[in-house]
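Asker: Below you will find the structure I want to go over with you.
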Amino acid sequence: MINNSLVNQRSESYRKIKSAGEFREYIKDKTVSVAGLGISNISLIKFLCNCGAKKITARDKKDIFIDNPRHELAEFAKKYNIEFIFGDNYLDNLTEDIIFKTPVIRRDSPEFTQAENNGGIITSEIELFFMLCRAKKISVTGSEGKTTTTTMIGEILKADGRTVFVGGNIGYPLISEVENIKEDDFVVAELSSFQLFDLNNGIFAPNLAVITNITPNHLDWHKDIEEYANAKKIIFANQGPSDRIVLNYDNEITKSFGEQAKSTVFYFSGNKLSDSFINCVYCHEDAIFVRRNGIERKILEKNEIVIHGEYNIENFMAAIGILCDIVSVESIKKVAATFRGVEHRLEYVRELNGILYYNNSAASSPTQTIVSLESFEDSIGENKKVIVILGGYDKKIDFDPIVPVAVDRAKSVILYGAVRNKIKQTFDEYKKNIPESESVDLYVAESFDYAVDKANSLANSGDIVLLAPACASFDCFKNFEERGNRFKEIVMNF
């Protein structure tokens, strides 16, 4: 019979840990399981070894030593008590005291539910980091723009002379730095809905937080859009009056969150907000203004921001909403004038024979692709010049919204990957109801490489070849970075 009271006591005892020293004392007689051996959990295993965990069981569906017999964990296993379990049944017999799960597996999966019922503590690398981190914490989430916004915030803090650590879902595992981070430092963490799902513990409360926007995404993982949106709300659920949540006023879902927050709400908008909003950032007459406690000031002109795309103005406003009373205006302006974006996010690759090539492999949802197409403002109607590559792994998202935008703004559309026929069917249905003259040329490619080659062959001087797939990459690539790098490799060899 399960003793729920004892299970809860163990969980509460673990989550009361506040420092690396306390964790070392706690972990020394515990058995630990780490499920999923991605970048963050590999760093976690190293941290656990150095903290003196009694025994570590490292689990993954894929044998990490097949492709790399000299994997870095092989050396750790020689010095520490690490057992490896690989294969389809890698989550069987989760009997360890503490189980660190990868974010991509749902916490309510049967294996974890059973392990928790048996007294195991289910946690994650990012939860442990936030438990141990003493710095000022800034957390960023959203469907689009969270990586760029996270990076912008970090760059502005650096320009202002602050010590800052940037990581989380952005790719850098913060647990590896937790013992080097001081109270006066800043941590800027990008958090996915998967990671936030694991932070629903009643205690996670960043000092400052941003939700850039919410649009349908990851519906192959979340039960529905409501669960997805609720996961995003975890970022401010436990904040108090002295904390701040920055929300997109122009997005209906995030706008509604303001009524639920117990912290100070700071909206940002592409339009001037009424005087009733005493804390906000907005655009007016091609400039960005901040209103803090009712006092308004101009921060900079929009044309001082060099990064391409109107949506990056929104990202910059979100960053200003976080930092307006922490850094100088000069630091904000310095980054505005120098920051040109993040790799794989509308990244300029090259110009060849008058053709421009852009890599937006990170555009893994229809909304992100639409924003990408709309960022090329002069490519519309009769002036269409974008040749866009779409396709990849199906996240069970509706592609209907893309079609009218692509028809209006794209010269040609190249489809590839597992979902290519589904997207083609969506275009075909739409084309039945419009004149042939208003349609868009559609091509289906048998491989990613062929799709890029086809796009190039269709392009003339003045055209733009854009990778903005609207899908995840997992049908052909490990991640969107690998997809973007392959795109750039092909383009640079033209």
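Every read-out reported here was derived from the displayed coordinates using simple, explicitly stated rules and does not represent laboratory data. In this text the structure is predicted, and so the values were computed from the model without any measurement. Counting neighbours? That spans all protein chains shown, and the Cβs are built from the backbone with ideal geometry, glycine included.
Asker: Give me Rg over Rh for the chain, both radii from the alpha carbons and Rh done the Kirkwood way, two decimal places.
Answerer: On the way: Rg = 23.7 Å, Rh = 24.2 Å.
Across the chain, the Cα-based Rg/Rh ratio is 0.98.
Asker: If you take the alpha carbon radius of gyration of the range 347-492 and divide it by 2.2 N^0.38 Å, what ratio comes out, to two decimals?
Answerer: Cα Rg divided by the expected 2.2 N^0.38 Å: 0.94.
Asker: Does the range 4-123 come out rounded, prolate or oblate by the C-alpha gyration tensor, with a ≥ b ≥ c the root eigenvalues, rounded set by a/c under 1.5 and, if not, prolate when a/b is larger than b/c and oblate if not?
Answerer: In terms of gyration-tensor shape, oblate.
Asker: Using the per-residue mean of other Cβ atoms lying within 10 Å as a proxy for protection, in what order, highest first, do the peptides 187-194, 234-241 fall?
Answerer: Top of the packing list down: 187-194, 234-241.
Asker: Sticking with this structure for a sec: By how many degrees, 0 to 90 and rounded to 10, does the Cα axis of helix 39-51 deviate from the longest principal axis of the chain?
Answerer: It is inclined by approximately 20 degrees.
Asker: Could you state, as a whole-number percent, how many of the C-alpha pairs of the range 128-338 are farther apart than 31 Å?
Answerer: On the way: 3038 of 22155 pairs.
Here the long-distance tail beyond 31 Å is 14 percent of all Cα pairs in the range 128-338.
Asker: While we're here: Give the order of TYR26, TYR228 when sorted by the count of other beta carbons within 10 angstrom, beginning with the fewest.
Answerer: The order, fewest Cβ neighbours first, is TYR26, TYR228.
Asker: Another question, then. Looking at the square roots a ≥ b ≥ c of the eigenvalues of the Cα gyration tensor of the range 14-56, which shape do they give, rounded for a/c under 1.5, prolate if a/b is larger than b/c, or oblate?
Answerer: Cα axes put the range 14-56 in the prolate bin.
Asker: Continuing with the same structure: Quick one: if you take sqrt(5λ) for each eigenvalue of the C-alpha gyration tensor of the range 267-356, what semi-axes come out, biggest first, whole angstrom?
Answerer: 28, 13, 10
Asker: Let me ask another. Could you order the peptides 267-273, 387-393, 298-304 from most to least packed, using the average number of other C-beta atoms within 10 Å per residue?
Answerer: 387-393, 267-273, 298-304
Asker: Can you list the aspartates and glutamates whose alpha carbon is less than 20 Å from that of LYS385, not counting same-chain residues fewer than 8 positions off?
Answerer: The reachable aspartates and glutamates, counting only those whose Cα sits under 20 Å from LYS385, are GLU310, GLU347, GLU351, GLU374, GLU377, ASP408, GLU436, GLU438, ASP441, ASP453, ASP463.
Asker: Follow-up question, since we're still on this one. Can you sort ILE203, ILE490 so the residue with the fewest Cβ neighbours within 10 Å comes first?
Answerer: ILE203, ILE490
Asker: How far apart, in nm, are two points set 7 Å out from the Cα along the Cα-to-Cβ line at VAL329 and at ILE66?
Answerer: In this crude spin-label approximation the distance works out to 5.9 nm.
Asker: Over the chain, calculate the relative contact order: mean separation of alpha carbon pairs under 8 Å at least 6 apart, over the residue count, as a percent.
Answerer: This gives 11 percent for the chain.
Asker: Any of LYS396/LYS424; LYS28/LYS101; LYS146/LYS424; LYS61/LYS422; LYS384/LYS422; LYS62/LYS232 with alpha carbons more than 26 Å apart? Name them for me.
Answerer: Values: LYS396/LYS424 15 Å; LYS28/LYS101 20 Å; LYS146/LYS424 29 Å; LYS61/LYS422 29 Å; LYS384/LYS422 24 Å; LYS62/LYS232 30 Å.
Beyond 26 Å between Cα atoms: LYS146/LYS424; LYS61/LYS422; LYS62/LYS232.
Asker: For the range 4-123, what is the relative contact order in percent, using Cα pairs closer than 8 Å and at least 6 residues apart in sequence?
Answerer: Numbers: 165 pairs, mean separation 36.9, N = 120.
It rounds to 31 percent for the range 4-123.
Asker: Can you put SER447, SER372 in order, fewest other beta carbons within 10 Å first?
Answerer: So the residues, fewest neighbours to most, are SER447, SER372.
Asker: May I ask which residue of ASN421, GLY240, VAL178 lies farthest towards the positive end of the charge dipole of the chain, with charges of +1 (Lys, Arg) and -1 (Asp, Glu) on Cβ and the Cα centre as origin?
Answerer: Working it through, the farthest residue towards the positive pole turns out to be VAL178.
Asker: Please give the helix 225-237 orientation as an angle from the longest Cα principal axis of the chain, in degrees from 0 to 90, rounded to the nearest 10.
Answerer: 60 degrees
Asker: Quick check: the distance between the Cα centres of the range 246-315 and the range 369-408, to the nearest angstrom?
Answerer: Taking the Cα centre of the range 369-408 as reference, the centre of the range 246-315 is 27 Å away.
Asker: Using 0.36 nm per residue of separation minus the Cα-Cα distance, give me the extension gain between ASP400 and VAL306 in nm, one decimal.
Answerer: Length difference between fully extended and current span is 30.6 nm.
Asker: Name the lysines eligible as straight-distance cross-link partners of LYS182: C-alpha to C-alpha under 16 Å, and not fewer than 8 places from it in the same chain.
Answerer: Partners found: LYS18, LYS136, LYS137, LYS158.
Asker: With no solvent and one point per C-alpha, what does the Debye sum give as log10 I(q)/I(0) for the range 349-417 at q = 0.13, 0.17, 0.23, 0.28 Å⁻¹?
Answerer: The calculated log intensity ratios at q = 0.13, 0.17, 0.23, 0.28 Å⁻¹ are -0.36, -0.62, -1.11, -1.51.
Asker: How far is helix 4-15 tilted, in degrees, relative to the longest principal axis of the Cα atoms in the chain, given as a value from 0 to 90 rounded to the nearest 10?
Answerer: 70 degrees
Asker: Then there is this: Need one word for the range 103-168: rounded, prolate or oblate. Basis is the Cα gyration tensor (sqrt eigenvalues a ≥ b ≥ c); a/c below 1.5 gives rounded, then a/b vs b/c decides.
Answerer: Since a/c reaches 1.5 but b/c is at least a/b, the shape of the range 103-168 is classed as oblate.
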